Amino acid sequence: MKVTFKVFRFDPIKDEKHHYDTFVVETKLNERILDCLNKIRSKQDSSVSFRMGCSYGICGSDALTINGVPSLACQKLVKDYNYTSEIIIEPLKFYSVIKDLIVDLDPFFKRLEKLKTDEKRKPINKLEKRENIQSIEDLKQFEDAIKCILCGSCVAACPITLEVEPEFIGPAALLRAYRYIFDSRIKNINEKMLLLEKAHGIWSCKSHYKCTLVCPKQIKVTKTILKTKRKIREDLHPKT
Amino acid sequence: MIYTYDVVVIGGGIAGLITALKASEKCSVSVVSKIHVTRSHSVAAQGGIAASLGNEEEDRWEWHMFDTVKGGDYLSDQNAAEILAKEAPGCVSMLEHLGVPFSRNSNGKIQQRRFGGHTQNFGKVPVKRACYAADRTGRTIMDTLYDECLMRKIPLHNEVFINNLLFSENQCCGVVGYDIRDCTPIVFHAKTVVLATGGAGRIFKTTSNGYSSTGDGFGLTLNSGLVLQDMEFIQFHPTGIFGLGILVSEAARAEGGILRNNKNERFMMKYAPSLKELAPRDIIARAILTEINEGRGINGEKYVFLDLRSIGKETLLEKIPEVISFIQTYLGISANEAPVPVAPTCHYFMGGIPTNTKGQVLVDKNHTIARGLYAVGECACVSVHGANRLGCNSLIDLVVFGLRTGKSASRYSIKHNRVSLPVETEKISENKIAFLLEKKGNSSVYNIRENLQNLMTEKCNVFRDGQNLSLALDKICELKKKYSDLVLNDNGTHFNYELQEAFELGNMLKTAESILYSAFKRKESRGAHFRTDFPEREDTKWLKHTLVASNLQGLKVTYFPVKISRFQPLKRKY
């Protein structure tokens, strides 16, 4: 079967403004969108640029806007879309476009760094002592957050980053913070929670739930942010 | 652009990050990766990391060492296997203290499960030795190490492709490459260079490996006139999703998954009566293909069934949630209700850049050291996995030998003065890029790559023979000729992936050729290398490591003995 793809194009050397190219791809219902994009590259136009990695949704390389929704190209199949009309492939929103479907993810990774506290690090050595003890229940407290693959989809879907406050730290970094705050093995979490309260921090989140909707790993991102907010209120601002 | 560090690590997977973290305690270090480091293929490791913690049942490092050596069909260097098994528990403990969210048992200790070839009491019964975080073990270790790198402020150079190793005054003093974003040449001037570039699964049509596994470290090494070791030993994981090659973790079998042919027979009973589905991977991959070749594939097709239905939905979702989810996504199958079509998929390279147990690269059979050059992880060959790696032994290899490599590389860097770079090093990448962009040949990258992948899959798969290997070697020469007649359709400088793929293809061709030649020369069957024309293991002639070199005069192999200490080779039965 033939499916038409409308692909966002922008070459910083040649183009002042982006445009769209249309490609008709011979494909199957069960093929990944990523497979289709690779067919475009290998058979029609090798200059179409996009990132890819593991090809099955664990490395987080190929988050794109597909028919308006942030999605992993390797996790979506042709049959997931109305393939009788055009499937529109665009770069993730919010980030600046470097070339075609490739965006500058530095702002994304920089946000993760922002929430790092200056703790003294443990030496990198094999240890004589045994592991920490952690109960199954304690692990469950933050287990949802360890599914994150840092694909950047949530930030690209967040109405706050997109429309209100581009400096907002964003869902992915908040999720990462949650992962540590709710890990029973970690002791000095107050410092981390104080960082979250800074400008453009956790209180900028207004629970639009868009991050949860688009997360390709089905993480309940908004719920984790709400839990963190509650903990900050209880631990840092207890009612007397 | 020239950056100066003490240690430069090429590749940001688990091996690279552990090495960098360790080295950063004593000197300046940076990680260079052709992708964002968090996308490295280590994230795809699912099932677990092996260590004889004994959290579930009695276990000893001696048993782990024995299993590793036997699993490797006695080609493992036993000094290295001993280090791996002895240091594994301390390394897992370190990972846990760094924050890796391991799954827990009811005592709150790290939970462990069975895995192929891991046994109690020198092969008696399966043992629970695999520590894991559901089926996201690699991903969670990577995330923990990545956060650790951020906290230690280790500079990460993402999306930089390396073209050449640099040598002067008889030692490695850096690397040269270019920024994939805009083709700017970049030189890293270092006291020591560590290669942590992973495997080359992409030279096969069907692989569990990501797009980045193109054997760049193998290419860099061969192009520098250095040798590779035991390249004929390639692991085909028995259970890739049919057609796609995506990995269904061995954990699926550890939790109770059963392999069945078209007669609904549990055929592993025939091939490994004792360990059955938990036999080592080389044995199961051959068993599956034997079933298929003898007409017992499902519906006459080239796959068998992996039946997970008896495990129960709850356990499946708790123990292997990722696997269950992508079986649903790609096959539209609920693994709880229907069996999963699987076939072997290229998974792992036991061979690689020869090193000693400190990660120092060796240049010949006399163990002469390449000064300033180190290798670690899948691209290296210590040799701990011998002729066939056991599941969960790769992650522990990365950590145990990553620590050792980080330590020795930083020591070397502290003790030695920096040697100056060769002249005009930036020009090396600049010229290579310009040459390819301006070249007006007739062959396309994609055409050659597809031919290479088909060739390797047809001629150098689980079963091999001299005639086909020899044909494949001729064919590779043709592909190399075509490669010298390349033309790129994209001549841009920003994220020109066709250009990068052209460089990668060069590495893939070099890697493939070294594999074919090593496989052609080894006239016996051992571990993952099975020759239908020489079906027996022959210790009197072949209990030795291969070294392969590739230069203008062609390919050349030499051999050197295996280090044997505790365990004399026995017939390998499971």
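The values are calculated or read from the model by the stated rules, or taken from the named source; none is laboratory data. Quantities reported herein were computed from a predicted structural model and do not represent experimental measurements. Methodologically, a virtual Cβ is constructed for each residue, glycine included, from the backbone with ideal geometry; neighbour enumeration extends over all protein chains shown. Please note that ligands, DNA and RNA were not included when accessible areas were found on the heavy atoms of the full protein model with its side chains. Shrake-Rupley method; radii C 1.70, N 1.55, O 1.52, S 1.80 Å.
Would a scan of the stretch B:269-276 turn up a residue that is assigned to a loop (DSSP other than H, G, I, E, B), crowded, with 24+ Cβ neighbours inside 10 Å and modelled with pLDDT of 95 or more? Checked the stretch B:269-276: no residue is assigned to a loop (DSSP other than H, G, I, E, B), crowded, with 24+ Cβ neighbours inside 10 Å and modelled with pLDDT of 95 or more.
Of the listed requirements (1) modelled with pLDDT of 95 or more; (2) over 22 Å from the mean Cα position of the chain (by Cα); (3) not β-branched (Val, Ile, Thr), B:Gln553 misses just one: (1). Only a single criterion out of (1) open to solvent by 10 Å² or more (accessible area, probe 1.4 Å); (2) more than 14 Å from every other protein chain (Cβ to nearest Cβ); (3) more than 25 Å from B:Lys556 (Cα to Cα) is not satisfied by B:Leu226, namely (3). Just so you know, in the stretch B:407-455 the residues that are over 30 Å from B:Ser28 (Cα atoms) and not in a helix (DSSP H, G or I) include one that is nearest to the chain's Cα centre (by Cα), and it is B:Ser444. Of all residues assigned to the stretch A:108-126, none qualifies as being under 17 Å from A:Pro216 (Cβ atoms), open to solvent by 60 Å² or more (accessible area, probe 1.4 Å), more than 7 Å from every other protein chain (Cβ to nearest Cβ) and not small (Gly, Ala, Ser).
Residues in the stretch B:478-493 that are open to solvent by 40 Å² or more (accessible area, probe 1.4 Å) and within 13 Å of chain A (Cβ to nearest Cβ): how many? Total satisfying the criteria: 3.
Scanning the stretch B:178-199 for residues that are touching a strand residue (DSSP E or B) at 6+ places or on another chain (Cβ under 6 Å) and among the small types (Gly, Ala, Ser) yields B:Ala190, B:Ala196, B:Gly199. Being farther than 14 Å from A:Thr212 by Cα, more than 8 Å from every other protein chain (Cβ to nearest Cβ), modelled with pLDDT of 95 or more and surrounded by 15 or more Cβ atoms within 10 Å (Cβ to Cβ) is a description that applies to A:Leu101. Residues in the stretch B:114-132 that are open to solvent by less than 10 Å² (accessible area, probe 1.4 Å) and touching a Lys or Arg at 6+ places or on another chain (Cβ under 8 Å): B:Phe115, B:Gly116, B:Gly117, B:His118, B:Val127, B:Arg129, B:Ala130, B:Tyr132. Considering only residues that are closer than 27 Å to B:Cys131 by Cα, in contact (Cβ under 8 Å) with a residue 60 or more places away in the chain and in a loop (DSSP other than H, G, I, E, B), which ones fall in the stretch B:217-263? Those that are closer than 27 Å to B:Cys131 by Cα, in contact (Cβ under 8 Å) with a residue 60 or more places away in the chain and in a loop (DSSP other than H, G, I, E, B): B:Phe233, B:Gly245, B:Ile246, B:Val248, B:Ser249, B:Glu250, B:Glu255.
Exactly one residue out of A:Ser184, A:Ser135, A:Ser153, A:Ser207 is farther than 28 Å from B:Leu398 by Cβ and within 11 Å of chain B (Cβ to nearest Cβ): that is A:Ser135.
Of the residues A:Ile225, A:Ile219, the single one that is surrounded by 16 or more Cβ atoms within 10 Å (Cβ to Cβ) and within 14 Å of another protein chain (Cβ to nearest Cβ) is A:Ile219. Strands (runs of 3 or more DSSP E) fully within the stretch A:1-94 that include at least 2 residues being β-branched (Val, Ile, Thr) and either open to solvent by less than 10 Å² (accessible area, probe 1.4 Å) or in the same structural domain as A:Ala172 (by TED's automatic domain parsing) (or both): A:2-9, A:63-66, A:87-90.
Would you please name the residue that is farthest from B:Thr207 (Cα to Cα), looking only at residues in the stretch B:438-459 that are open to solvent by less than 10 Å² (accessible area, probe 1.4 Å) and not β-branched (Val, Ile, Thr)? For the stretch B:438-459, the residue satisfying everything is B:Leu452.
Only a single criterion out of (1) more than 21 Å from B:Arg531 (Cα to Cα); (2) in contact (Cβ under 8 Å) with a residue 12 or more places away in the chain; (3) not in a helix (DSSP H, G or I); (4) not acidic (Asp, Glu) is not satisfied by B:Arg266, namely (2).
Within the stretch A:138-150, the set of residues being at the interface with chain B (Cβ under 10 Å from one of its Cβ atoms) and either farther than 15 Å from A:Phe109 by Cβ or of a type in the set (S, T, N, Q) (or both) comprises A:Asp138, A:Leu139, A:Lys140, A:Phe142, A:Glu143, A:Ala145, A:Ile146, A:Lys147. Answer yes if at least one residue in the stretch B:178-186 is under 27 Å from B:Phe560 (Cβ atoms) and in contact with a Ser or Thr (Cβ under 8 Å, 6 or more places away or on another chain), and no otherwise. No - not one qualifying residue is present in the stretch B:178-186. You will find that of B:Val175, B:Val92, the residue that is within 11 Å of chain A (Cβ to nearest Cβ) and surrounded by 22 or more Cβ atoms within 10 Å (Cβ to Cβ) is B:Val92 and no other.
Considering B:Lys475, B:Lys571, B:Lys541, the condition of being assigned to a loop (DSSP other than H, G, I, E, B) and either of a type in the set (Gly, Ala, Ser) or open to solvent by 20 Å² or more (accessible area, probe 1.4 Å) (or both) is satisfied by B:Lys571 alone. Kindly check whether there is at least one residue in the stretch A:78-96 that is more than 9 Å from chain B (Cβ to nearest Cβ) and closer than 21 Å to B:Leu156 by Cα. Checking the stretch A:78-96: at least one residue is more than 9 Å from chain B (Cβ to nearest Cβ) and closer than 21 Å to B:Leu156 by Cα. Of all the listed residues (B:Glu56, B:Glu62, B:Glu82), the sole one being within 14 Å of chain A (Cβ to nearest Cβ) and of a type outside the set (Phe, Trp, Tyr) is B:Glu56. Considering only residues that are without any contact (Cβ under 8 Å) to a residue 40 or more places away in the chain, farther than 15 Å from A:Cys54 by Cβ and not aliphatic (A, V, I, L, M), look in the stretch A:25-42 and name the one that is farthest from the other protein chains (Cβ to nearest Cβ). If we take residues in the stretch A:25-42 being without any contact (Cβ under 8 Å) to a residue 40 or more places away in the chain, farther than 15 Å from A:Cys54 by Cβ and not aliphatic (A, V, I, L, M), then A:Glu26 is farthest from the other protein chains (Cβ to nearest Cβ).
Can you find, within the stretch B:96-130, the residue that is farthest from A:Asp144 (Cα to Cα) among those that are more than 9 Å from chain A (Cβ to nearest Cβ) and among the hydrophobic types (A, V, I, L, M, F, W, C)? Ranking the qualifying residues of the stretch B:96-130, first place goes to B:Phe122. Scanning the stretch B:301-326 for residues that are open to solvent by 70 Å² or more (accessible area, probe 1.4 Å) and either under 14 Å from B:Asn261 (Cα atoms) or of a type in the set (A, V, I, L, M, F, W, C) (or both) gives B:Glu301, B:Lys302, B:Leu317.
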